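The values are calculated or read from the model by the stated rules, or taken from the named source; none is laboratory data. These figures come from a predicted structure and were not determined experimentally. Neighbour counts are summed over all protein chains in view; Cβ atoms, including those assigned to glycine, are modelled from backbone coordinates with ideal geometry.
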Amino acid sequence: MRCYLLLLSVLSWLLAKPISPCYAQQVSLNQCVHTLSQDSIAIYFDREYSLAPKECAVIKRVGRINEKGNFTATVSDYRTSDTSLLAQFTYALGTLNGPATLYFPNGRLAVQGELVKGQQSGDWKYWYPNGQPRQVLRFTVTGPTRILAYWDSTGHQLAKNGTGTWEGQTVSGLIARGNIRLGLPDGNWTGQHKQSHIPVTTELYDKGAFRRGRLIKPQADQPAAYKFSALLTPFEPSPFLKADYMVLGYTCDESQRQAQFQLIKKDLQLPSVEIGVTRYTDRLNQRLTRYRSTHWYSSMPPEVTVRCSLDQKGQFVDFESETSSLREVIRSLVLSLPSWQPARYQSQPVLGYLDITLDTSTDRVQIKPAARLLPSQLPQPNIATWP
């Protein structure tokens, strides 16, 4: 009976915290909380510290609670895949307050610092998996995060006492490199994609103040220069702070589907056309103008889609639409326009299609390329250890 009442108090405590809004296939609270003894519980999370079912969780948090269901003293987070220690935090009256330590899978220190009322405070130290120091950041309640020191992975110190060169992740997910002064960005900074290392942007800072930026290869519909919001502001992700908000995650099936989608997206190239989708769309729009005065055009619904299937050579093989007249017109027009390259998955050609949607209120079409994968081509991620 005491265990049952304990679980009720824990659920009451969780329900008193901010909870994310409901979405399809979202997990329920009782799937993520388990009583271990009269005064201790386990809470299960995914890798982003959203609540997850025990069966597919990545992180298991274990700690003692009081009669109100609040964590007390030290709690420990473990990797469910091998039960290795992931992190230890200190709670006071149900709030993160005190030392915090995170570990790499090899057991080495990853991060160490202090939390005050649920927020990072003071100097935080970071290491590489090989044991070399990486950086020291200073967190304050009101001011910006400052970079006090930085080392590369070989142990060479590039910044000391807030002066030197820093490289790391930014608020936009890019990898930035530039000089720091008094712990803040100063001078010219460059940003590149995390995986491909392709340069994306350059920005100018003056003692931490962002002045202007310029995209290296802007899209057709966006300006190259910008000056209102920086992309390369240093940022150190701290997903463990999300755990204190008890955000609802997804069921195991939904998590599996999302993990599968991320793996597919990483290795998938959509159908492409040499002149680019924007120019291709413009040409198609121009050729459609001759049909606007026809009877069938004026009788169409506000929005009509034609799905144009592509084979593994990029050739059109089928056209589907509820409006036969538009289907035949689109068929004749796309066959006279530049040819498409097929979709590719893991560098191999796969089936694809184009959804060409006509908005009759604006007389404009939109083209959305997509790919089709066979069941045998779909990856099967183990979400308890993914990625």
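Kindly establish whether Pro218 is over 26 Å from Thr140 (Cβ atoms), surrounded by fewer than 16 Cβ atoms within 10 Å (Cβ to Cβ) and modelled with pLDDT under 90. Judged against the criteria, Pro218 is a match.
Listed by position, the strands (runs of 3 or more DSSP E) contained in region 110-174 that have at least 1 residues being in contact with a helix residue (DSSP H, G or I) (Cβ under 9 Å, 6 or more places away or on another chain), touching a residue at least 24 places away in the same chain (Cβ under 8 Å) and not basic (Lys, Arg) are 119-127. Here Leu378 meets the list (1) without any contact (Cβ under 8 Å) to a residue 40 or more places away in the chain; (2) in contact with a helix residue (DSSP H, G or I) (Cβ under 8 Å, 6 or more places away or on another chain); (3) over 17 Å from Asp318 (Cβ atoms) almost entirely, failing just condition (1).
Residues of region 230-254 being under 22 Å from Tyr128 (Cα atoms) and assigned to a loop (DSSP other than H, G, I, E, B), which ones? Within region 230-254, Leu232, Thr233, Phe235, Glu236, Pro237, Ser238 qualify.
Restricting to region 258-270, name every residue that is in contact (Cβ under 8 Å) with a residue 12 or more places away in the chain, of a type outside the set (A, V, I, L, M) and farther than 15 Å from Ser347 by Cβ.
Residues satisfying the conditions are Gln260, Gln262.
Select from region 312-334 the residues that are outside any helix (DSSP H, G or I) and surrounded by 15 or more Cβ atoms within 10 Å (Cβ to Cβ) and list them in ascending order.
Passing the criteria: Gly314, Phe316, Phe319, Ser321, Thr323.
Among residues of region 36-52 that are free of Cβ contacts under 8 Å to residues at least 12 places away in the same chain and in a loop (DSSP other than H, G, I, E, B), none has a Cβ under 8 angstrom from a residue that is exposed (fewer than 14 other Cβ atoms within 10 Å of the Cβ) and aliphatic (A, V, I, L, M) at a sequence gap of 6+ or on a separate chain. The residue that is surrounded by the fewest Cβ atoms within 10 Å (Cβ to Cβ), among those in region 252-278 that are under 27 Å from Ser50 (Cα atoms) and small (Gly, Ala, Ser), is Ala259. Listed by first and then second residue, the pairs linking a residue in region 180-196 that is among the charged types (D, E, K, R) to a residue that is assigned to a loop (DSSP other than H, G, I, E, B) and at pLDDT 95 or above, with Cβ atoms under 8 Å apart and 6 or more places separating them unless they lie on different chains, are Arg181/Gly162. Take the conditions (1) at pLDDT below 90; (2) outside any loop (DSSP other than H, G, I, E, B); (3) buried (at least 19 other Cβ atoms within 10 Å of the Cβ); Thr72 misses just one of them, which is (3).
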